[in-house]
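All remarks here apply to the structure that follows.
The values are calculated or read from the model by the stated rules, or taken from the named source; none is laboratory data. Computed from a predicted model, the values in this text were never measured in an experiment. So basically every Cβ, Gly included, is an ideal-geometry build from the backbone, and we count neighbours across all protein chains shown.
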Amino acid sequence: MIRDYQALQRTWFAKGQQRIIQTTGKHRGVKLLSTVDYVTGKIVWREDEEYTAETFLKFLKQILEVYPTGKIVMVLDNARIHHAKLLQPLLEENTRMSFVFLPPYSPQLNIVEGLWKWLKSDVINNVFYHTVDDIRKNVRAFMDNIMLDPMKIIDRLCVRMESGQIVNH
């Protein structure tokens, strides 16, 4: 979930005049699901009203439509919805899709966490939104914009090898 915490990120302001960001005092936001294709930089994403096993199941079906052939390996955190029994029939029917679960408390290994950090940095931090629709609009614009340059996505989010060493951006 991308929340509108109106957080101050690195910014500048005149000495003694700290920048003030308005707040509603409520935790509103936009619930997002996404994948980042490690090889192509392609992003598949969706926004939904809730974050449930049913929502995740719809997202998996969307992934299968976007990638109609070939093996799909999804690297996931251990969120409850990723382990829901509701998903089993889809996985049994679509054996080309499989999950790899990250160790607990390892967001640094999850490429999508890097995407959320990037999105928050560019869309949420240092900004006040009057409505959730304003957040949605800017999230859509951000996603549309970064998807124009898949190599930028790979360069920013994906692990690569340099001189035999793993480098994570």
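So the values come out like this:
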quantity	calculated
Tabulated pairs, region 55-79, first basic (Lys, Arg), second crowded, with 16+ Cβ neighbours inside 10 Å, C-beta under 9 angstrom, 6+ apart or interchain	Lys58/Leu33; Lys71/Met97
Strands (runs of 3 or more DSSP E) fully within region 75-169 counting 2 or more residues that are modelled with pLDDT of 95 or more	97-101
Residue within region 35-58 that is modelled with pLDDT under 90, within 20 Å of Arg156 (Cβ to Cβ) and assigned to a helix (DSSP H, G or I) present	no
Yes/no for Pro68 being of a type outside the set (Val, Ile, Thr), under 16 Å from Asp37 (Cα atoms) and exposed (fewer than 13 other Cβ atoms within 10 Å of the Cβ)	yes
Condition check for Leu102: under 19 Å from Val139 (Cβ atoms) and either in contact with a strand residue (DSSP E or B) (Cβ under 8 Å, 6 or more places away or on another chain) or aromatic (Phe, Trp, Tyr) (or both)	no
Yes/no for Asp122 being more than 14 Å from the chain's Cα centre (by Cα) and either acidic (Asp, Glu) or at positive phi (or both)	no
Neighbours by Cβ (under 7 Å, 6+ apart or cross-chain): first from region 104-127, farther than 18 Å from Glu47 by Cα; second among the acidic types (Asp, Glu) and outside any helix (DSSP H, G or I)	Asn110/Asp77
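Table: residues versus (1) at positive phi; (2) of a type in the set (Gly, Ala, Ser); (3) surrounded by fewer than 14 Cβ atoms within 10 Å (Cβ to Cβ).
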| position | (1), (2), (3) |
| --- | --- |
| Thr35 | no, no, no |
| Tyr38 | no, no, no |
| Val44 | no, no, no |
| Gln62 | no, no, no |
| Val73 | no, no, yes |
| Ala84 | no, yes, no |
| Leu102 | no, no, no |
| Ser106 | no, yes, yes |
